[in-house]
Amino acid sequence: MNSTPEADWLNLLIDLLQGAQLQLLRVLDALGLAQHVHGQPAWPWARRLSGENLLIDLGQARSLAWTLVFVGVAVLALLLALLWPRLRFYFLALVPMLLIAAPWPESRVVLVPATPTSFQASPTGFTAESIARGRVLYQQNCVACHGADGKGEGPLAASLAVWPPDLSGPLLWRRADGDLLWRILHGTRDAQRGGQPTMPGFAGKLGEADAWALVDYMKAQGAGQSLRALGSWPQPIGLPDMAVRCGSQPPRLLASWRGQRVRIVAGSAVPAEDPRLVTVLLRPPSNAVATAADCVADSAAAWEALALIAGTEQLAGTQLIADRDGWLRARGAPGKAGWSDDDLLCRSERAPGATVEQGAAALPADGLGALIARMDAQPVRFVKGGFIH
């Protein structure tokens, strides 16, 4: 999800819901009341509050926001009743009135089914190595039903009771990573068919690390398929982490530059340095020739992961730009001279305004400068599975 001015209150509400549930789980874990499943604390209830549904149904989101205000005032009235005994009757009488007057939202919208791993976070860090590992596992275990492109049209798909979901569409992004992990390891069932299994679980065949690698691969694959079909990344995708060598210094992870803009240049040509960006040359795996580039990444996994995300088998000559938060925002096609607004493939919904214009004016009047100004002024605010990332 990208931020818009009128959605600031909704972002705050989703932040509040996510933070409250995470803190509750941490408190339960600290008290020894939460079991551990797949190496992390498990959500103990069958339902959780949904941020994703609130994004879709703004009416219910407003009802929930106002209900929280009414409940907050009711709690305040209870506290005042304890502090001022002489007015206790009036404060206590106010509590049920507030709770009755609150515009309670529909529970089916606010509460959605949860899994024990709903709030678990991937330990992989979304690395190129994890994506490459996930690709091998996907070919071995998933391609027969979900297809090589993830669209659910594999050779066995037609023989199944329920057609496999399209992993290249928005469905993947409506699921929290922890829920995807649970479905991979424990399978899925169709509630409308009496709980009939629709996908087997792979817990007996795959470990937690394997399942997280599959989640990483599916994200990268979905981003590439969206780029092929729509010409953009409608859902933000992070720049995969990888090892980078800069001169004679020890290798460092790409994530160590978080907070700075990063440009990846794929190929053998030494890229021109630009003070506005950290530039990394991504060399083809077969190219072992020494280069004069300052910073180089040359693992086969890194090339494979970025080719997958960029939706191309011909990555050489492609340039990719990630913003300060690590989200991939722009792609320069091979052979294209300069940058333009069309190269911004992950866009904010915020309409360009004075902030963008002022930022652009403060930078050199070139295409890259204008692109950077827009990226900085319109940061990504991404919601996956109802949670802000």
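By the gyration tensor of its Cα atoms, with a ≥ b ≥ c the square roots of the eigenvalues, what is the shape of region 132-183: rounded for a/c under 1.5, prolate for a/b over b/c, or oblate?
Since a/c reaches 1.5 but b/c is at least a/b, the shape of region 132-183 is classed as oblate.
When N counts the residues of region 41-178, how does its alpha-carbon radius of gyration compare numerically with 2.2 N^0.38 Å, as a ratio?
Cα-based Rg divided by the globular estimate yields 1.63.
Expected output is a single nm value to one decimal: the length gained when fully extending between Ser248 and Leu160, i.e. 0.36 nm times separation in residues minus the C-alpha distance. What is it?
Gain on stretching Ser248 to Leu160: 26.2 nm.
Please work out how much length the chain gains when fully extended from Leu12 to Val27, using 0.36 nm per residue of separation minus the C-alpha to C-alpha distance, in nm with one decimal.
So the extension gain works out to 3.2 nm.
Just to be sure I understand the model, the point goes 7 Å from the Cα along the line to the Cβ. What's the resulting Tyr90 to Asp190 distance in nm?
Result for the modelled spin labels: 6.2 nm.
Have a look at the DSSP beta bridges in region 249-333 and tell me what percent are antiparallel, nearest 5.
If we restrict to bridges inside region 249-333, about 55 percent are antiparallel.
Binning at 10 angstrom from zero up to the longest distance, how are the C-alpha pair distances of region 191-269 distributed in percent?
Per 10 Å bin, starting at zero, the Cα-Cα P(r) for region 191-269 comes out as 13, 26, 33, 18, 7, 2, 0 percent.
At 1.4 Å probe size, with every protein chain present, just tell me what the per residue accessible area of the chain comes to in Å².
49
Given an 8 Å cut-off on Cα distances and at least 6 residues of separation, report the relative contact order of region 179-231 as a percent.
31
In the chain, which cysteines lack any other cysteine Cβ under 4.7 Å from their own?
Unpaired cysteines in the chain: Cys142, Cys145, Cys346.
Of all the C-alpha pairs in region 86-138, what % are more than 19 Å from each other?
In whole percent, the share of Cα-Cα pairs in region 86-138 beyond 19 Å is 66.
Quick one: what Rg and Dmax do you get for the chain from the alpha carbons, in Å?
Over the chain's Cα set, Rg and Dmax evaluate to 24.1, 85 Å.
Pop out the carbon and sulfur fraction of the accessible area of the chain as a percent, whole number, probe 1.4 Å.
Whole-percent figure for carbon plus sulfur exposure: 59.
Could you calculate the FRET efficiency of Arg108 with Ala229 from 1/(1 + (r/R0)^6), where r is the beta carbon distance between them and R0 is 51 Å, rounded to 0.05?
That gives a FRET efficiency of 0.95.
With the crude spin-label approximation of a point 7 Å out along Cα→Cβ, what separation in nm comes out for Ala203 versus Ala292?
5.9
Rounded to the nearest 500, what is the 222 nm mean residue ellipticity of the chain from helices alone, with -39500 (n - 2.57) per DSSP H run of 4+ residues and division by all residues?
One gets -12500 deg cm²/dmol as the mean residue ellipticity at 222 nm.
The values are calculated or read from the model by the stated rules, or taken from the named source; none is laboratory data. Values in this document were obtained by computation on a predicted structure and should not be read as measured data. Neighbour counts run over all protein chains shown; Cβ positions are idealised from the backbone, glycine included. Surface accessibility is based on the protein's heavy atoms, side chains included, excluding ligands, DNA and RNA. Shrake-Rupley method; radii C 1.70, N 1.55, O 1.52, S 1.80 Å.
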